[in-house]
Amino acid sequence: MNTQRLARTWHLLTALVTWVALLLQLVLVIRGGRVLDDVTPPDLGTRLVRFVSYFTVLSNLLVALTTTTLALGQERYPTWWKVLRLNAVVAIAVTGIVHWFLLRPLLDLHGADAVADKLLHLVVPALAVIGWAVFGPRGQAHRSLLLSSLIFPVGWLAYTLVRGAAVDWYPYPFLDVSLHGYAGTLAACAGVAVLLLTLTWAATRIDRLLPGVKDDAEERRPVRAR
């Protein structure tokens, strides 16, 4: 199996696992399952809004979309797609890290809930990051995309804080203003922001150093004479 085919196979596996994980979690939400809430689940409409308000769900969705296009043999990578790909890799890495150190100790899940949790927070992050590191495609995480890549996490954070203040619900305990006050919440936000910026910067630096399948434009680029 050549490198191109192996890369598409890995991306296909990642996409399938991610879609299954998202669908499983959605079914559990529709059935009234609880994630971090210890109270009686709200009505279905509210549960669905909360479902798409989790950074975990959005980062997994980015992974699902971008790896699906790669598995289908995408050959051209417009700037907006490169931004989404960078967002997907960095956001899913943050999802795994934050879950492992901050959220995992708070959870006591069993059965299908535990399966969905492990898929979304551990399996998908591992598949996505390994796939990016080993197979690429390379030459896409340019430094020029740094500012554009911040739109998603900053937008999500602003939405979370504004909506949280309006409805008194936050997707994660460390963002709950009613528990930590604005000073504590902003400190937590700053910590996550530093992690995001560090990982994004690192991704742009090591993108060209790691082995993997290069995109067509990168392969056609002439070598400068020395």
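Each reported figure results from applying straightforward, stated rules to the coordinates on display, with no laboratory input. Since the model is a prediction, treat every value here as computed from it, not as a measurement. Don't worry about glycine lacking a Cβ; one is built from the backbone with ideal geometry, like all the others, and counts go over all protein chains shown.
Sort His180, His99 so that the residue with the fewest other Cβ atoms within 10 Å of its own Cβ comes first and the one with the most comes last. Each step should come with its number before you reach the end.
Details: His180 16, His99 21.
Final ranking by Cβ density, sparse to dense: His180, His99.
Quick one: Karplus J couplings for the stretch 91-96, per residue in order, coefficients 6.51, -1.76, 1.60, θ = phi - 60°, nearest Hz, x for Gly and Pro?
With coefficients 6.51, -1.76 and 1.60, one gets 5, 6, 5, 4, 4, x Hz.
DSSP loop (so not H, G, I, E, B), at most 10 other Cβ within 10 Å: list which trypsin sites (Lys or Arg not before Pro) in the stretch 70-100 pass both filters. Don't skip to the answer; put the middle values down first.
Values: sites: Arg76, Lys82, Arg85; in loops: Arg76.
Those satisfying the criteria are Arg76.
Taking amide hydrogens as modeled 1.01 Å from N in the peptide plane, which residues meet the under 5 Å criterion relative to Arg138, leaving out close sequence neighbours?
Amide H neighbours of Arg138, under 5 Å, 5+ apart: Val213, Lys214, Asp215.
Whole-Hz Karplus ³J(HN,Hα) for the stretch 78-89, in order, using 6.51 cos²θ - 1.76 cosθ + 1.60 and θ = phi - 60°, x for Gly and Pro?
With the stated coefficients, the stretch 78-89 comes to x, 4, 4, 6, 4, 5, 5, 5, 5, 4, 4, 5 Hz.
Going by how many other Cβ atoms sit within 10 Å of their own, how do Val17, Val63 line up, fewest first?
Values: Val17 21, Val63 34.
Exposure proxy ranking, most exposed first: Val17, Val63.
Testing the spin-label approximation: label points 7 Å from Cα along Cα→Cβ at Ala166 and Leu122. State their distance in nm.
My value for the distance between the label points is 3.7 nm.
Using a ≥ b ≥ c from the Cα gyration tensor of the stretch 106-184 (square roots of the eigenvalues), is it rounded, prolate or oblate, where a/c under 1.5 gives rounded and otherwise the larger of a/b and b/c decides, a/b for prolate?
Working: a/c = 3.22, a/b = 1.25, b/c = 2.57.
Oblate, because a/c is 1.5 or more while a/b does not exceed b/c.
Under a Cβ-only charge scheme (Lys and Arg +1, Asp and Glu -1), can you give me the dipole magnitude of the chain about the Cα centre, in debye to the nearest 20? Mind showing how you got there, number by number?
On the way: 21 positive and 14 negative charges, 223 e Å.
With only Lys, Arg, Asp and Glu charged at Cβ, the dipole is about 1080 debye.
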